[in-house]
Amino acid sequence: MLLDWLAAGLDPAKCVMFIQSHVPAHAELHLLLSMITPLGWLERVPTYKEQKENIKGKDLDTYGFLGYPVLQSADILIYKADCVPVGEDQVAHVELTREIARRFNGFYGGKREYIFPEPAALLTPAPRLPGTDGRKMSKSYGNAVMLTDPEPVVRQKLKTMVTDPARVRRTDPGNPDICPVGDLHKIFSGKETMAKVYEGCRSAGIGCIECKGWVADAVVKILEPMQERRKKYEDNPRLAWDILEAGSARARDIAGATMDEVRKAMGLDYGPNDSSKDEPAKDSTK
Ligand code: SF4
């Protein structure tokens, strides 16, 4: 995953990239937030139901699966994020994070203070990326074009992509606005190709295979430089591990400072060095 991020152009000088389990504070905040998160909030998260219906062959009847959005909230709140770049399907998770932050602040923040900012979802103009079967693109659904797919694989996958169901025959006109291939064009193709797609699809002047070929051209053009960049790290994995180690250390510092505030707010900051709580104040005149 890190190689994909670096390949896509994330710059370790600007982005802290780390291994979540190397920052144990995430697990601690998850635990504490789970104590104040009502069950109904989690059962209502749309992806919970959707994934239970769509993912077969895995036992999803666990607390871990239901409580996963609380861990995501901890992941966000521990860095006091103002914005979270997400896809459309994750907006509900950010909304849940806002509610958990509000509840925590209400319980523990005091009257005027707050511990956690309420983060906003940051969407791009293309907030939903369809997979080859028309559902959202997801590795778990087996409908994804991977950033590492070589050109022939990309072309083959996109060739089998579902289209506007109204276009049964080559002579039937279609509508790119309700076709998943049309959605990909909007994300990856330039204006000129878009004009050809709209004109050709609506007039049945082009075939779907031709149209999918154009979208494959655009996707391959984007993936090629990424795969080139990725090679540098594939050939020298130590570079990637160094980025993760440095990132994890930096993340631990930031997360640790937040957890100090959280424990203090919740009254969990007692210990041998905290004389104010456990022992009566010493009178220096005696
Ligand atoms: S021509 Fe393109 S946009 Fe139109 S239905 Fe076929 S694949 Fe979809």
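Those residues that are farther than 14 Å from E210 by Cα, within 8 Å of the ligand (Cβ to nearest atom) and either outside any loop (DSSP other than H, G, I, E, B) or touching a residue at least 40 places away in the same chain (Cβ under 8 Å) (or both), I need them from region 168-189; list them, please. Listed by number, the list holds a single entry, P180. Close contacts from region 139-165, counting a first residue that is of a type in the set (F, W, Y) and a second that is modelled with pLDDT under 95, with Cβ to Cβ under 6 Å and a gap of 6+ residues or different chains, come to Y141/R135. When each of Y68, Y79, Y108 is tested for being over 20 Å from the mean Cα position of the chain (by Cα) and outside the structural domain of D177 (by TED's automatic domain parsing), the lone residue that passes is Y108.
Do we have any residue at all in region 157-173 that's open to solvent by 70 Å² or more (accessible area, probe 1.4 Å) and acidic (D, E)? No: region 157-173 contains no residue that is open to solvent by 70 Å² or more (accessible area, probe 1.4 Å) and acidic (D, E).
Restricting region 198-226 to residues that are open to solvent by less than 50 Å² (accessible area, probe 1.4 Å) and more than 16 Å from the ligand (Cβ to nearest atom), which is farthest from E151 (Cα to Cα)? Top of the filtered list is M226. Within region 206-217, residues that are more than 17 Å from G190 (Cβ to Cβ) have Cβ atoms under 9 Å from residues that are near the ligand (Cβ under 8 Å from one of its atoms) and among the charged types (D, E, K, R) in these pairs: C208/D164; C208/R167, counting only partners at least 6 apart in sequence or on another chain.
Check L60, L31, L6, L71 and return the single one that is free of Cβ contacts under 8 Å to residues at least 12 places away in the same chain and open to solvent by less than 60 Å² (accessible area, probe 1.4 Å).
L60
The values are calculated or read from the model by the stated rules, or taken from the named source; none is laboratory data. For clarity, every value in this text was computed on a predicted model and none was experimentally measured. Glycine also receives a Cβ, built like all others from the backbone with ideal geometry; neighbour counts cover every protein chain displayed. The protein model used for the area step is the full one, side chains on, heavy atoms only, and it has no ligands, DNA or RNA in it. Shrake-Rupley method; radii C 1.70, N 1.55, O 1.52, S 1.80 Å.
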